[in-house]
Every structure is written in structure tokens, then in C-alpha cells.
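Before any comments, here is the structure.
The values are calculated or read from the model by the stated rules, or taken from the named source; none is laboratory data. No experiment lies behind these values; they were computed from the predicted model shown. Every residue, glycine among them, receives a Cβ derived from its backbone with ideal geometry; neighbour counts consider all protein chains shown.
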Amino acid sequence: MKKQLFVLLFVSCVCVFAADLSGNWVVSDPLPDGTVRRAYFDLKQAGDRITGHIRTGQFYFTVSDSSGDSDNFTLTASMLDGDSQRKATYQVKLTGDELQISTRRRPDAPLIEMVAHRTTPGEGAMPARLPLPALHQVPSNRLSQTPPMGWNSWNKFASRVDDAAVRGAADALVSTGMKEAGYVYVNIDDTWQGDRDAQGNIQANKKFPDMKALAAYVHGKGLKLGIYSSPGPNTCAGYEGSYGHEAQDARTYAQWGIDYLKYDWCGARNIYEDDDMQAVYQKMGDALQATGRPIVYSLCQYGRADVWKWGPDVGGNLWRTTGDIRDTYDSMAKIGFSQSHLARYAAPGHWNDPDMLEVGNGGMNSVEYQTHMSLWAMLAAPLLAGNDLQHTSPEILAILTNRDVIAIDQDSAGKPGTRAVKNDDTEVWVRDLANGARAVALFNRGASEAALAVKWADLGFTMPPTHARNAWTHEEVRLSDPECSAIIPSHGATLLIVSGRER
Ligand code: GLA
């Protein structure tokens, strides 16, 4: 009997050991663009407890908790992201030589199932923090004396952007009159990157067969070409970043004929601290300048670490002030109406960037898209259209190309407007213009129409103005002393250019 028990115990121990998950695992997912997306699981099992690290795309998680047994483990993985904790949960199960893994991006998102195989120890380990340069002032490149205008692929195309989409956008900028209205940058966002060659030079993936030829095509239309990278090993979408290749990549971009770089923190978040950001961004700022090619430098780190205070010092022409915009009124309004306190940091050559336009992407109505444009114009924000330019309705085109609204955005004084008055759901913003006129924007954030009347004195006018033009309709507006008034639809805006008397 005793002997039988011993055998039973021995057999069950063998089973547990056979199911040991310890080791380095890799999930390889080949994409149609010729790149391979990899996720690494570096796990250590002791009994029914699992520790280790998980690297997936831009994220490097530590396994902070595990439960279950060899039949099915649940791993909770966490990482510090700035001030907040990110968490991910994985179900893992060993089947033969394969690790079956499932996860969800969000609790309500569809299940993602993966299969991992054993790989060499150390593969996929997070690279070390690179030594950073001492801080200094990168000389101004004198570009972007008014906020950059153009188009960016991300909001509409995301990972579907390719050579044809970029050529199509360039063609459409010209044929729709948007180029004439001032939109000149054609910016390729994330997912263009391929592997590096034997010398470490970044190459585009299959979607972009010849970057130099694409640049020549875009330049041939009198437009400029922009590109995207990250100081980390991976971009937000998991593609190759510029980590350890900063100067080399800057030279490649210059050689291709690139005119604009958006440099996105993303994959750098697990390597550097927020306090390192200035030095990290300075490194690329210096690298771009060293190429001798004028390249607009767009900082994208979601407004962390008070970027507006040091953005110009690293050679930045614009810096994102918030997280990503979505194509909803709430997202747009949350971002746009929160920018007043940043006005003093913008000036010709360096701009606050509340993110790209969603105008025309379908998630807002025309009134709301007009508000989006009105607000971005008041903020002196970069105007980077984010819609499918080849399929733009005349109504959307009219919103994107209104000459008075663009003139407010592009005003040469480069002083963004600020909120002057806020009452419940209504706000009035005022922006000083170079010729002494002012732009006045009346917003209704509420769910029903609002009649708004504000004393000119409360908007900072010592004397009421004598002339007003509606920027959207170009019509003269009769002013009613001593108030500025308008009836505004729900989520709408009235945008006036006022002048006369005091200024
Ligand atoms: C981040 C940026 C976006 C876009 C994506 C691409 O989320 O903030 O604007 O560039 O990355 O992956």
C-alpha cells in the first residue's frame, strides 16, 4: 500500500515538472507588410507560482500575480506608465511544446489567442537605457513660423496606410484646393517601418517599396513629406523605433527627402523616465539639425513632463499637449477646451499641438466639426487633416478650407486665444490678431440651443468693437452694444473677427 502511494506521488510530481512553464517563449505573428510582430514571455515557475516579464509591442510588463495550476494559469502583468499603472491579464496553458496564450486588450474586447514557442534565453529582453547627452539649447531651425498644415495618415488609415494612400492624399490635397488653402505636409504616421539592413539602416516595409521615389512624387506636387518614429525600440503600433539609431535614422530621413518627423515616446516609456524626456528629445533634435536638411520636428509624448516649457529648447516645432484624440465630440471638446492655460507657451516656430483633426471622419456632425476647426484655429493649433481626402464631401472640404478660419489659425502674431468667459455650458474665447483685430469664438457645449450674450467689457474690450465679420459665412455682423451675442446650436460655435475703435 505504502509503495503504491509512493509511486502515485512520484507520477504526479513528474506531471507537474513536465508542465513547467519556465523559460523564454516567443509569439511570432507575420504581417502582410513583411514584418513579424513578436511578443516575448520570459517566465519562471516555482510550484504553482509564476514570475517573469512579458514584452509585447511597446510594453514591458512584470508578472505581478499568478493563479491556477499547470492546466491553466492566469498571469496578471503590470507596468508603471508615467504616473499610472497599466495591467494586462493572460491565460496560459502548456500543450506539448507550445504555450497557448489568450488575452483581451480590454475586458469587453474580443479574445486574442496566441501560440508561443521556446526561444533562446535573453531574446526579447528589454534593451538598456542609453546614456543621455547633457542638456543644451538646440538652435532654432526657423521652420513653422505659423502652425504646420497638412495631412496625417493615422486618424483614418492607421496601419492600412501605404504608398498608394499617401500618393492619393497628395493628389487630393492638390485637386481639392487644400494645398492652395495652405495644407502642404503629407505625413506618414506609424506602420511604415520594416527591418534594419546589415548596417543598421532602417528600411520601409513592403507597403512602401521606395521611400525616396515617394518623396520625389510628393515634392513634385509642391508638397512636403513627413514620417514617424519613436525614441524607443518599438513604436506605439509595435514597429521598429529609432532606439540606438537616432543619428543614423535622421540621416536616412534626410537622404530620402523627408521634411517632417513626428517622434512618439511610446516604446521609450519602459526604458527612460519622464525626467529623461528632454535629453531624449534633444538627441533627435540635434540629429535632425546635423543632417543639414530643414526638417520640422514634432514631439509626441502626450503633454507629459511640462513639454511646453522645454519643447523649443530641444528644437521642437510643435509638441502634443494631450493624449490621443478620437472622432467624438466629447474627446475633441475635452482636449480643445482644456488648452487655455498653455497659450503663453506657443509662438512662431513652436506650437502647442492638441492632436490632429478628425474633421470628416464621420463621428461628429458638421456643426461639431465646425466647432473643432473653430477651436483649433483659436488655439493656433497645427491643422493636420486626418480624413480620407480622396473621398471628402463638399461640406467637409468647405470646413477644412474656410479662408477666414485658416487665417485666424495662421495669424502671424502666433498668439493663441484664451478662454475669457465661461457660464454653465457656454464659453467665449478671444484671440489677438496681428493687425489689431481680434477673433472671438462663442461656444455652446450644451445639449440644446443656447442664446449667449456677454458684455464686451467682460471679454477684455475697453470699448466695444465697431465691425464684426462671421468667419464661417464671411458676412458682416451687426453688433449690439454693449454685448456680444449669438444664438448657437448644441455643440456649435460662432466665430467672429472683430475690429474697430479701441485697437
Ligand atoms: C500614438 C500617437 C498617435 C499615433 C499612434 C501611432 O498613439 O499619439 O498620434 O501616432 O501612436 O501608433
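A few comments on the model shown:
- Checking each residue in the stretch 32-55 for being without any contact (Cβ under 8 Å) to a residue 60 or more places away in the chain and either surrounded by fewer than 19 Cβ atoms within 10 Å (Cβ to Cβ) or of a type in the set (Val, Ile, Thr) (or both) picks out 36, 44, 46, 47, 48, 49, 50, 51, 54.
- Qualifying residue in the stretch 129-137 (condition: at pLDDT 95 or above and not in a loop (DSSP other than H, G, I, E, B)): no
- Among all residues of the stretch 219-238, there is at least one that is charged (D, E, K, R) and outside any strand (DSSP E or B).
- Filter result (in a loop (DSSP other than H, G, I, E, B), farther than 17 Å from residue 297 by Cα and not hydroxyl-bearing (Ser, Thr, Tyr)) within the stretch 182-196: 182, 192
- Of everything in the stretch 338-362 that is within 18 Å of residue 412 (Cβ to Cβ) and within 16 Å of the ligand (Cβ to nearest atom), the residue that is surrounded by the fewest Cβ atoms within 10 Å (Cβ to Cβ) is 352.
- Of all the residues in the stretch 301-322, those that are in contact with a helix residue (DSSP H, G or I) (Cβ under 8 Å, 6 or more places away or on another chain) and within 16 Å of the ligand (Cβ to nearest atom) number 10.
- Residue identified as assigned to a strand (DSSP E or B) and loosely packed, with under 13 Cβ neighbours inside 10 Å among 451, 457, 447: 451
- For residue 155: the one exception among (1) within 16 Å of the ligand (Cβ to nearest atom); (2) not in a helix (DSSP H, G or I): (2)
- Candidates 62, 89, 74: the one that is of a type in the set (Val, Ile, Thr), outside the structural domain of residue 280 (by TED's automatic domain parsing), more than 30 Å from residue 277 (Cβ to Cβ) and in a strand (DSSP E or B) is 74.
- Here 179, 212 are screened, and the one residue that is outside any loop (DSSP other than H, G, I, E, B), away from the ligand (no atom under 15 Å from the Cβ), in contact with a helix residue (DSSP H, G or I) (Cβ under 8 Å, 6 or more places away or on another chain) and under 24 Å from residue 251 (Cβ atoms) is 212.
- Top-ranked residue of the stretch 253-265 - restricted to ones that are of a type in the set (A, V, I, L, M, F, W, C) and crowded, with 24+ Cβ neighbours inside 10 Å, ranked as nearest to the ligand (Cβ to nearest atom): 265
- Test: residue in the stretch 85-93 that is in contact (Cβ under 8 Å) with a residue 24 or more places away in the chain, surrounded by 18 or more Cβ atoms within 10 Å (Cβ to Cβ) and of a type outside the set (A, V, I, L, M, F, W, C): yes
- Restricting the stretch 323-337 to residues that are surrounded by fewer than 17 Cβ atoms within 10 Å (Cβ to Cβ) and closer than 21 Å to residue 82 by Cα, the residue that is farthest from the ligand (Cβ to nearest atom) is 334.
- For the stretch 223-252, the set of residues classified as within 12 Å of the ligand (Cβ to nearest atom) and of a type outside the set (Val, Ile, Thr) consists of 226, 228, 229, 230, 232, 234, 236, 237, 238, 239, 241, listed by residue number.
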